[in-house]
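For reference, the structure discussed in these notes is given below.
The values are calculated or read from the model by the stated rules, or taken from the named source; none is laboratory data. None of these values were measured; they are calculated from a predicted model. Because the Cβ atoms are built from the backbone with ideal geometry, glycine has one as well, and the counts that use them run over all protein chains shown.
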Amino acid sequence: MDRSHAAGVKQRLAVALTIAGSDSGGGAGIQADLKTFAALGVHGASVVTALTAQNTRGVRAIHYPPPAIVAAQIEAVLEDFVVSAIKIGMLGSPEIVGAVAEALGSPSPRSRGEGCGEGQGDRLASCSGPSSGPPGHPVPEGEGRGRASRHRLPEGSAALIIYDPVMLASSGEALSGAGFVEAVRLELLALVDCLTPNLAEAAALLGEKVAASEADMVRQGAALLKLGPRAVLMKGGHLDGSEAVDFLVTSEGVRRYAAPRIASRNLHGTGCTLSSAIAAHVVLGMALPEAVAAAKAFVGEAIETGREVKLGTGDGPLIQAKLR
């Protein structure tokens with residue numbers, strides 16, 4: 001086919017939206033999300049919630065746009081694209097949390113319709129598979145405002161919302177201000193289909209100590225479920241052990257995911273990549289439990305690919321694409 005035929009080709013491409021901060025070093029945030037979407041064959045739209053001046057050595061400065069600009073970006077995307085999944089990352093301020101929650105809380109006929117059309121119900125998958133969590137850890141039913149979970153999405157149905165509650169940079173700098181946690185708890189969590197906190201983020205949202213065991217992770221996941229999200233993926237990458245263990249906690253049970261820990265200093269953007277990979281795999285037709293497994297495998301490959309790569313003089317990012 002030559003270039004003259006291009007105008008006649010029409011193909012519907014799956015769309016995911018990232019709402020997150022920009023990393024000037026290209027390792028995390030919007031940049032990591034868009035690279036992940038592209039690597040997995042999904043078109044990525046983006047809403048910038050923060051401009052950061054950072055590199056492999058740390059964050060130097062952060063600028064937050066007016067909340068109205070954040071809301072306008074969301075509106076512009078949702079009124080034009082059929083968005084099947086929305087990944088939320090760094091929000092930073094209570095005002096931006098509120099703007100995002102308000103923008104996503106209002107149904108959009110193109111991306112957040114509240115019902116399944118005729119014949120579509122069988123295309124929707126349950127959030128949770130059979131319980132496989134540690135014995136003695138029943139999971140209570142979530143108590144937040146509930147939309148029906150939609151984890152295999154027909155076109156025009158409500159977009160799956162995945163929230164990675166970024167509060168600290170990989171280098172340790174704070175990426176959120178006063179009142180942020182309270183705003184997230186009160187305004188955002190009830191809209192979320194899958195929350196993906198690391199151990200420190202889960203502890204901050206609950207006002208507890210950081211989980212020190214797998215049992216603690218499951219318990220905290222169940223506690224977070226009561227705050228409104230339909231599922232919680234507790235990420236145990238910072239827990240000691242030879243394996244990186246995560247737990248998907250829902251009202252129906254617990255699923256454990258384990259993978260060998262890969263020794264690397266190039267881990268910047270790992271959490272962003274995992275959550276955006278989950279979103280991409282859901283867009284491509286997987287149910288949430290399978291999407292988590294596929295995303296975890298994708299992250300493992302990206303860490304392995306980037307393990308010996310030298311980018312900058314500090315701790316670098318993982319690499320979401322095969323190197324030539």
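Worth pointing out:
- Within segment 186-232, tally of residues that are more than 16 Å from the chain's Cα centre (by Cα) and of a type in the set (S, T, N, Q): 2
- Summed over segment 10-37, the residues that are acidic (D, E), in a strand (DSSP E or B) and within 12 Å of the chain's Cα centre (by Cα) give a count of 0.
- In summary, A178 fulfils each of the numbered conditions (1) modelled with pLDDT under 95; (2) in a helix (DSSP H, G or I); (3) of a type in the set (A, V, I, L, M) with the single exception of condition (2).
- Qualifying residues in segment 61-89 (those that are assigned to a loop (DSSP other than H, G, I, E, B) and in contact with an Asp or Glu (Cβ under 9 Å, 6 or more places away or on another chain)) - the one nearest to V42 (Cα to Cα): S84
- Pairs, first under 13 Å from K87 (Cβ atoms) in segment 36-52, second acidic (D, E) and crowded, with 20+ Cβ neighbours inside 10 Å, C-beta under 7 Å, six or more apart: G44/D33
- Yes/no for T270 being polar (S, T, N, Q), modelled with pLDDT under 95, over 23 Å from V82 (Cα atoms) and surrounded by fewer than 18 Cβ atoms within 10 Å (Cβ to Cβ): no
- Here S213 fulfils each of the conditions (1) polar (S, T, N, Q); (2) surrounded by fewer than 16 Cβ atoms within 10 Å (Cβ to Cβ); (3) within 21 Å of L160 (Cα to Cα) apart from (3).
- Evaluation of V283 against (1) more than 24 Å from E304 (Cα to Cα); (2) buried (at least 20 other Cβ atoms within 10 Å of the Cβ); (3) more than 15 Å from the chain's Cα centre (by Cα); (4) not charged (D, E, K, R) (one fails), failing number: (3)
- Condition check for S170 on (1) touching an Asp or Glu at 6+ places or on another chain (Cβ under 9 Å); (2) buried (at least 19 other Cβ atoms within 10 Å of the Cβ); (3) at pLDDT 95 or above: one failure, at (3).
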